[in-house]
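These notes concern the structure reproduced below.
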Amino acid sequence: MRGGFDDWAGTGSRRAEPAVIASASRGDLDEGLVATFRRKLLDEVDLHELGRLDAGQRRIRLERVVAHLVSTEGVILTTRERNALIRRVVDESIGLGVLEPLLADETVSEVMINGHDTIYVERFGQVERVPTAFASEEQLRQTIDRIVSTVNRRVDESSPMVDARLPPDERMPRGARVHVVLPPLALDGPTVTIRLFPKAYGLDELLNRGSLDAATADLLAACVRARLNVIVSGGTASGKTTMLNALSAFIQSRQRIITIEDAAELSLAQEHVVRLETRPPNVEGQGQVTIRDLVRNALRMRPDRVIVGEVRGGEALDMLQAMNTGHEGSLATVHANSAVDALIRLETLASMSDVEVPFHALRDQVNNAIDIVVQLLRGSDGTRRVVDVSYVASRHREDFRLVPLMRWDPEAVTDHGPAGAFLAYAAPQELVDRLRIAGESLGSGRQEVAP
Ligand SMILES: Nc1ncnc2c1ncn2[C@@H]1O[C@H](COP(=O)(O)OP(=O)(O)O)[C@@H](O)[C@H]1O
Ligand SMILES: [Mg+2]
């Protein structure tokens with residue numbers, strides 16, 4: 001044990017014990033006391049060494065050490081105050097402090113720290129500044145160390161940039177990809193970008209939330225099981241990744257699935273899954289691995305199905321080719337505002353590939369590859385909804401022709417008043433036949449309206 005009672009009490013006005021008792025009995029803990037014991041704890045234990053313990057064991061170890069420190073320092077506290085102090089000190093030592101409420105907030109998809117006193121979050125695709133701040137740059141740096149040390153990474157002057165993915169734990173319940181840049185590269189202080197992975201909802205949860213209706217859920221599940229190629233389309237934060245994840249649950253467990261993402265957000269339940277993630281270039285601008293590189297490599301890895309988190313470049317061509325050549329039942333998302341826009345976008349992205357392909361040939365690839373487009377929309381009230389499910393009926397070089405299978409009609413008057421409704425449309429015979437060959441059907445309970 002280094003230092004003694006005077007050590008913490010000797011700094012500033014907090015010499016007298018009654019002050020400690022009075023402040024603690026107000027219900028909130030004495031911040032100075034928390035800071036002092038935190039410093040003592042850090043002197044006492046090597047947090048990096050504790051990294052070998054699991055989260056539960058680590059906490060128990062630290063709580064014991066703090067309890068010991070508190071009793072040997074002879075601070076007068078009630079049992080409740082003592083327990084609260086111990087918990088806070090441990091929280092602050094292994095926890096992520098002011099970030100924790102943001103990380104636990106399900107509506108936050110990104111946390112951006114531009115120096116210790118400027119924090120932004122993204123909610124529903126909108127970036128807003130939050131009143132949260134770290135007390136000092138030092139505190140922010142400690143938090144950064146704590147974040148990156150959980151994955152055995154280090155960030156300091158010699159390696160001032162780190163890009164790491166963090167598994168879910170009690171501090172970051174959803175898992176995240178974290179990027180850090182330190183000064184002098186970052187001019188206004190340590191800069192941290194934390195992309196929080198969306199919570200994995202099953203299709204039944206999306207159904208309960210009113211994001212789609214039961215008939216559509218049955219239809220989509222049948223399409224995935226029957227190995228149709230499905231594209232999930234929508235705007236920013238419309239729930240594309242969430243839907244992709246929910247749909248992937250219907251892939252048969254015996255199949256070998258390869259997922260390809262920029263930041264691996266998908267959490268598939270199947271056992272035979274190979275997850276690939278891109279890598280940004282290093283400080284020297286080298287070592288970049290793109291979605292496209294991964295898609296090409298995936299095809300040599302004997303996948304039954306390929307899942308591309310988001311198609312946004314030339315990899316569209318490779319993906320379309322994969323869908324057309326033995327990897328039926330592949331899934332991907334694309335950023336587009338309508339089902340037909342999704343097809344146009346795939347065609348455009350495929351044309352950006354470095355392989356020269358005549359335009360009509362691209363049209364042919366899209367028409368033959370894509371079977372179903374699921375269009376999502378984020379409402380102004382924050383709701384996410386499937387607003388269109390369409391079957392791609394055009395073939396070869398024809399103009400895109402989509403046959404609606406379901407549409408959300410916001411004007412529809414229901415039994416519960418004018419709240420909008422999901423309208424099912426008659427499916428083309430071709431689709432019915434394809435499902436039937438695979439032992440699937442459109443699902444019961446469809447009440448079709450005339451198109
Ligand atoms: N159907 C839904 N209902 C409510 N929230 C949803 C729904 N789908 C997604 N979300 C939430 O919306 C945010 C963005 O979802 P995400 O799937 O990442 O969207 P995208 O991939 O389109 O950017 C996440 O916080 C996610 O949990
Ligand atoms: Mg996404």
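The values are calculated or read from the model by the stated rules, or taken from the named source; none is laboratory data. Given the structure is predicted, the values throughout are model-derived calculations rather than measurements. Virtual Cβ from ideal backbone geometry, glycine too; neighbours counted across all protein chains shown.
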Subject >> Condition check for VAL374: within 16 Å of ligand 2 (Cβ to nearest atom) and either under 32 Å from the mean Cα position of the chain (by Cα) or surrounded by 14 or more Cβ atoms within 10 Å (Cβ to Cβ) (or both) >> reply: yes
**OP:** All but one of (1) within 15 Å of ligand 1 (Cβ to nearest atom); (2) more than 25 Å from the chain's Cα centre (by Cα) hold for VAL403, so report the exception by its number.
**Re:** (1)
**OP:** Out of the residues in the range 347-364 that are assigned to a loop (DSSP other than H, G, I, E, B) and among the hydrophobic types (A, V, I, L, M, F, W, C), state the one that is farthest from ASP399 (Cα to Cα).
**Re:** VAL355
Subject >> Conditions (1) buried (at least 16 other Cβ atoms within 10 Å of the Cβ); (2) in contact with a helix residue (DSSP H, G or I) (Cβ under 7 Å, 6 or more places away or on another chain); (3) farther than 19 Å from VAL151 by Cβ: number failed by ILE76 >> reply: (1)
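Conditions (1) within 30 Å of ARG64 (Cβ to Cβ); (2) hydroxyl-bearing (Ser, Thr, Tyr); (3) surrounded by 18 or more Cβ atoms within 10 Å (Cβ to Cβ), marked per residue:
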site	(1), (2), (3)
SER93	yes, yes, yes
LEU96	yes, no, yes
GLU100	yes, no, no
THR107	no, yes, no
TYR120	no, yes, no
ARG123	no, no, no
ALA135	yes, no, no
LEU140	yes, no, yes
ASP145	yes, no, no
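Which of the residues that make up the range 207-228 are polar (S, T, N, Q) and either in a helix (DSSP H, G or I) or surrounded by fewer than 20 Cβ atoms within 10 Å (Cβ to Cβ) (or both)? Let's see the steps before the verdict.
Our first condition is that a residue be polar (S, T, N, Q); within the range 207-228, this holds for 208, 211, 216.
Across the range 207-228, the qualifying residues are ASN208, THR216.
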Original post:
Do we have any residue at all in the range 382-395 that's buried (at least 18 other Cβ atoms within 10 Å of the Cβ), in contact with a strand residue (DSSP E or B) (Cβ under 6 Å, 6 or more places away or on another chain) and either outside the structural domain of LEU228 (by TED's automatic domain parsing) or hydroxyl-bearing (Ser, Thr, Tyr) (or both)?
Top reply: yes
Subject >> Candidates SER338, SER390, SER330, filtered to the one that is more than 16 Å from ligand 2 (Cβ to nearest atom), of a type in the set (Ser, Thr, Tyr), closer than 20 Å to ALA217 by Cα and in contact with a Pro (Cβ under 7 Å, 6 or more places away or on another chain) >> reply: SER390
Subject >> Residues (under 19 Å from TYR425 (Cα atoms), within 9 Å of ligand 1 (Cβ to nearest atom) and touching a Lys or Arg at 6+ places or on another chain (Cβ under 6 Å)) located in the range 191-231 >> reply: SER211
Original post:
Looking at GLY439, is it at positive phi and either surrounded by 14 or more Cβ atoms within 10 Å (Cβ to Cβ) or of a type in the set (Ser, Thr, Tyr) (or both)?
Top reply: no
Subject >> Test result for GLY439, closer than 24 Å to ASN245 by Cα, part of a loop (DSSP other than H, G, I, E, B) and either at pLDDT 95 or above or of a type outside the set (Phe, Trp, Tyr) (or both) >> reply: yes
